[in-house]
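**Q** Encoded as structure tokens, here's the structure I'll be asking about.
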């Protein structure tokens, strides 16, 4: 039986100011009842192409066909009229509304809404595809996976037969990913056509029927998933052979650079983000932090970096508490810290500044001249562009004009270029393609060899298990346990992330060999630390 075409793109082109070619002569076919993965490096035009299908952008050249007929899509409303819906990586929801209210928001049916009918319809869609959702629940009370469910049901409620998901598994646990994939398979069986933008090749191999690859805005080809492998897909993406192996470097572990003792940190609303956390960051070690989004990772990073007030606890360096000290004083104490925040444009970089100017943000006060040294900053910016293969018209381009992945490269490159001995990094490869991600992993390993202590907050558990020495799991602000990466499984981490498995409950009186009692005197802490050193000799510490 011949496959029916749901949507077809012919010679699609999109240009942006500054002679930027986002898409050039792209041809793409999506069949009814299939899942198509869309792969490509950062800046290859994946999201731009999908934005043209969903009505956010309008193509400069080319043709779009739906069910064999040429159409013109000028707005998201036009896209919905053609039964196309896009689920964006960053959700478009109103927090104070319920799930049902968000789902019907913006629908004009020339009549008053009957919320009972809406709730009933939402439950009907949920039961049909296997979603777990309460239509009356407020968005601000939902987990990330629940919010994603609302976004998917929102487009199904509008009658979408073609769904586009942008990085749908970026912040989900392994168990939540399995549930999502089960739902997507049911939707495929129901005749829905699905496009997934993702960088996770293992998920591409598991869920998709075919894979289409873009490189530098151009269409490279489409292959059947069953007839390819991760290595071949990577080579098609980057245009050359690439080694997909993450190496866990073995180092001679130094003494702890920072010791975090009984740390409690508030959220912005006054509730506890981190509750009585104790661990340490050692030189020459990568300590991973795993947890569902919103479980306190952001606040933990900001507290250690000195950007968020601490309710109680200590951050010790060589026996001295550094909480409350200004950055310059902390550096004088021997802690040169680089912080790569989750919010790369809001906190990490100045969007309207050029790459050169953003490089200067950490060094502009150095020197004796009243004038800033833009010449050396420009040279560093150009070296960074070349090393990390940042796609940009020039070093003077404002970073807000770059793709998300290239913005991330600028931030990571600048922070590591500063030569820190402690790196606090939250999702350093988020939005990066596979090739760029491995460049970042290599850079982190280089820093590890130099004796740098690294706190690595990640979302891809496979990567964390391969890269990190130990992994600390957080659930609702509490530490569920600290495990050796080479001695644990992805499934165990997922259970700890959801609170189903709590290793610290099994060892209530110990955290990495030091008594957990928050009322210990300094002398008692020193005795406990001696015990911890003995523990380190036996099993590497942080147990």
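**Q** Please arrange 399, 5 by how many other C-beta atoms lie within 10 Å of their C-beta, fewest to most.
**A** 5, 399
**Q** Could I ask something else about it? At q = 0.11 Å⁻¹, what base-10 log of I(q)/I(0) does the Debye formula yield for the stretch 5-238 when every alpha carbon is treated as an equal point scatterer in vacuo?
**A** -0.56
**Q** Let me ask another. By how many degrees, 0 to 90 and rounded to 10, does the Cα axis of helix 434-449 deviate from the longest principal axis of the chain?
**A** Value to nearest ten degrees: 0.
**Q** Whole Å is fine, so just give me how far the alpha carbon centre of the stretch 57-109 lies from that of the stretch 113-136.
**A** 20 Å
**Q** Remind me, what semi-axes does the stretch 419-470 give for its equivalent ellipsoid, largest first in whole Å, using sqrt of 5 times each Cα gyration tensor eigenvalue?
**A** Value: 17, 12, 10 Å, ordered largest first.
**Q** Taking the structure as given and computing Cα extents along the principal axes in Å, which label from (1) 78, 57, 46; (2) 72, 68, 46; (3) 84, 54, 51 fits?
**A** (1)
**Q** Taking the simple approach of a point 7 Å from Cα along Cα-to-Cβ for both residue 81 and residue 141, what is their distance in nm?
**A** The two pseudo-label positions are separated by 3.9 nm.
**Q** Tilt of helix 522-539 relative to the longest C-alpha principal axis of the chain, in degrees (0 to 90, nearest 10)?
**A** Long axis of 522-539 versus the principal axis of the chain: about 60 degrees.
**Q** Measuring from centroid to centroid over Cα atoms, what is the spacing of the stretch 436-450 and the stretch 208-235 in Å?
**A** Result: 26 Å between the Cα centres.
**Q** While we're here: For the residue pair residue 446 and residue 418, what label-to-label distance in nm results when each label sits 7 Å from Cα along the Cα-to-beta-carbon direction?
**A** Each label point is offset 7 Å from its Cα along the Cβ direction, giving 1.8 nm.
**Q** Over all alpha-carbon pairs of the stretch 230-357, lay out the pair-distance distribution in 5 Å bins, whole %, shortest bin first.
**A** The calculated distribution, bin by bin, is 2, 8, 14, 16, 16, 14, 12, 8, 5, 4, 0.
**Q** If each residue's Cβ is checked for other Cβ atoms within 10 Å, how do 264, 452 rank with the fewest at the top?
**A** The fewest-first ordering by Cβ neighbours comes to 264, 452.
**Q** Just the number, please: percent antiparallel of the DSSP beta bridges in the stretch 165-248, rounded to the nearest 5.
**A** Antiparallel: roughly 75 percent of the beta bridges in the stretch 165-248.
**Q** Still on this structure, I have one more. Under the 0.36 nm per residue contour assumption, what length would be gained going from the current alpha-carbon distance of residue 11 and residue 503 to full extension?
**A** In short, 171.6 nm is gained.
**Q** If I take the Cα coordinates of the stretch 65-111 and project them onto the principal axes, what are the three extents in Å, biggest first?
**A** Reported extents, whole Å, longest axis first: 41, 32, 16.
**Q** Related question: In nm, what is the difference between 0.36 nm times the number of residues separating residue 271 and residue 336 and their Cα-Cα distance?
**A** Separation in residues times 0.36 nm, less the Cα-Cα distance, equals 20.4 nm.
**Q** With no solvent and one point per C-alpha, what does the Debye sum give as log10 I(q)/I(0) for the stretch 81-143 at q = 0.16, 0.24, 0.29 Å⁻¹?
**A** Evaluating at q = 0.16, 0.24, 0.29 Å⁻¹ gives log10 I(q)/I(0) of -0.60, -1.28, -1.38.
**Q** On a 0 to 90° scale, report how tilted helix 174-189 is relative to the longest principal axis of the chain, with both axes built from alpha carbons and the result rounded to the nearest 10.
**A** The helix 174-189 is inclined about 0 degrees to the chain.
**Q** Let me ask something additional. Within the stretch 18-46, find all residues whose amide N lies under 17 Å from a label point positioned 7 Å from the Cα of residue 71 along Cα-to-beta-carbon.
**A** Once the point is set 7 Å along Cα→Cβ of residue 71, 28-34 turn out to lie under 17 Å by backbone N, inside the stretch 18-46.
**Q** By average Cβ neighbour count within 10 Å, what is the ranking of 23-29, 114-120 from highest down?
**A** Per-residue mean Cβ counts within 10 Å order the peptides as 23-29, 114-120.
**Q** If you line up the Cα atoms of the stretch 350-418 on their principal axes, what length do they span on each, largest first, in Å?
**A** Taking max minus min along each principal axis of the Cα atoms, the stretch 350-418 gives 36, 21, 16 Å.
**Q** What ranking of 468, 13, 475 emerges when the number of other C-beta atoms within 10 Å of each C-beta is taken as an exposure proxy, fewest first?
**A** The fewest-first ordering by Cβ neighbours comes to 13, 475, 468.
Here, each number is a calculation from the coordinates, and none is a lab measurement. Just so you know, these numbers come straight off a predicted model, no measurement behind them. Backbone-built Cβ (ideal geometry, glycine too); neighbour counts: all protein chains shown.
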